[in-house]
Every structure is written in structure tokens, then in C-alpha cells.
Amino acid sequence: MSEWTIHGSRTIYTSPWVELDLVDVEPPGHPRYEHHLVKWAPVAATVVLNERDQVLMMWRHRFATDTWNWEIPSGIVEAGESLEAAAIREVEEETGWRVTTVEPLAYNQPVGGMSNAEHHVFLAREATYIAPPVDTHEADRIEWIPLDRVQEMIDRREIVAGVAVTGLLQLLARHP
């Protein structure tokens, strides 16, 4: 009953990472208008938890928000790649640690009103250090953070990236 009618759309910008469309929409009981829609490839992320209840985190700067914060490994799922394979690949590329299996932990649509963005967060329970990270621009530091510190770090805004907050809060909610 309250589903919007889509009359058409046109792409006004595209790149390998993002597409911006103007969509001709008509909400029920309201006039038609052009609504911005940002389209992104899905993101796969991994919360890596070791046997000492520590989480693998990366300290990095995000220029768009001018924010320093701790994040979990994450990145865009490449064409033809499974979500799980992308999650595993991103851990190794960004941290130098290898995980071999992941299990679903969380899913969210961070900006559902104007984007098709999807964040798929996985949990890995074992990791082996392989070598320094390939993506050296991703983090200034890589550390194992005790899980019992994560909530206070979120509260202090030391962890602010949506995909990290989502995954870590899900882990805290499920962890004994």
C-alpha cells in the first residue's frame, strides 16, 4: 500500500566504485519527483576473534569525515567474487593475517533511504599471521584489541565506522 512507484531512472555519474542515479519516483499520495540514488557494490567485512577474546582492528584515518578510528577489515566485493571470499581476501590484504573460514555475523543497509548499499559482516574465529599487509595504505596500526574494551571504545567514538560498529555490537550481543 505504501510502496513508491518508480517511473524510470537515469545515471548521471558512474565509476568502478559508485553510481549516482536520478530516479523518477512517486510516493503514495504525493507528486512525482527525482530522487537521488547512490548505488554501490556490496561490502564484505570480518570481525576476527582469537582464542584470547581479542578482535583484530586497524587504526586509520578517513579523509571524508576527518576521523581517526579503529576499524575491522572490509572492502568491496569484486565482480564474480562470493561475499565470503571477499571477506577472507580483505582480512589478508589489509592486515597480513589469514583466515580460512567465516560465518555470517550481521547484515545492514546503512543508508536505505537513498542508497542500495549492503554491508555483510562475517565472523572468523582463527587467524594466522602470513606477512605484512599488501594494502599498506589501509592502516597506520594493526592490533588485537580485547573484546571487553570494545563497548567503551564505541562509547568514546574510537570505533565509529558503521560496518565495524554493527559487527562488533552483534558479536558482543552473542558472546558469552
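All of the numbers you see were taken from the coordinates with simple rules; none came from a lab. Since the model is a prediction, treat every value here as computed from it, not as a measurement. Every residue, glycine among them, receives a Cβ derived from its backbone with ideal geometry; neighbour counts consider all protein chains shown.
Can you tell me the orientation of helix 83-95 relative to the chain, as the angle in degrees between its alpha-carbon axis and the longest Cα principal axis, to the nearest 10? Compared with the principal axis, the helix lies near 50 degrees.
Cβ-Cβ distance of His7 and Ile76, R₀ of 25 Å, FRET efficiency by 1/(1 + (r/R0)^6): the value works out to about 0.25. Against the empirical 2.2 N^0.38 Å (N residues), the stretch 59-154 has a Cα radius of gyration ratio of 1.13. Taking amide H positions as modeled 1.01 Å from N, with prolines and chain starts lacking one, the residues under 5 Å from Ser9 and 5 or more places away or on another chain are Asp24.
Sort the following peptides by mean Cβ neighbour count (other Cβ atoms within 10 Å, averaged over residues), highest first: 4-15, 153-164.
Packing order, densest peptide first, comes out as 153-164, 4-15.
Taking amide H as placed 1.01 Å from N in the peptide plane, Glu118 has its amide H under 5 Å from the amide H of Val43, each at least 5 places away in sequence or on another chain.
The stretch between Arg98 and Arg149, if pulled fully straight at 0.36 nm per residue, gains 16.0 nm over its current Cα-Cα span.
Tilt of helix 162-174 relative to the longest C-alpha principal axis of the chain, in degrees (0 to 90, nearest 10)? Taking Cα atoms only, the helix is inclined about 60 degrees.
Label point of Val134 set 7 angstrom out along Cα-Cβ; within the stretch 32-75, amide nitrogens under 17 Å from it belong to 44-46, 73-75. May I ask for the percentage of alpha-carbon pairs in the stretch 1-84 that lie more than 15 Å from each other? Looking at the stretch 1-84, the distances longer than 15 Å represent 74 percent of pairs.
Note on Glu158 and Val23: the model spin-label points, each 7 Å out from Cα along the C-beta direction, lie 3.9 nm apart.
The relative contact order of the chain comes to 23 percent, based on Cα pairs under 8 Å that sit 6 or more residues apart.
Taking the radius of gyration and the Kirkwood hydrodynamic radius from Cα positions alone, what is the Rg/Rh ratio for the chain, to two decimal places? For the chain, the value is 1.04.
The 3J(HN,Hα) values that the Karplus relation (6.51, -1.76, 1.60; θ = phi - 60°) gives for the stretch 105-111 are, in residue order, 10, 7, 9, 8, 10, x, 9 Hz. Gly and Pro appear as x.
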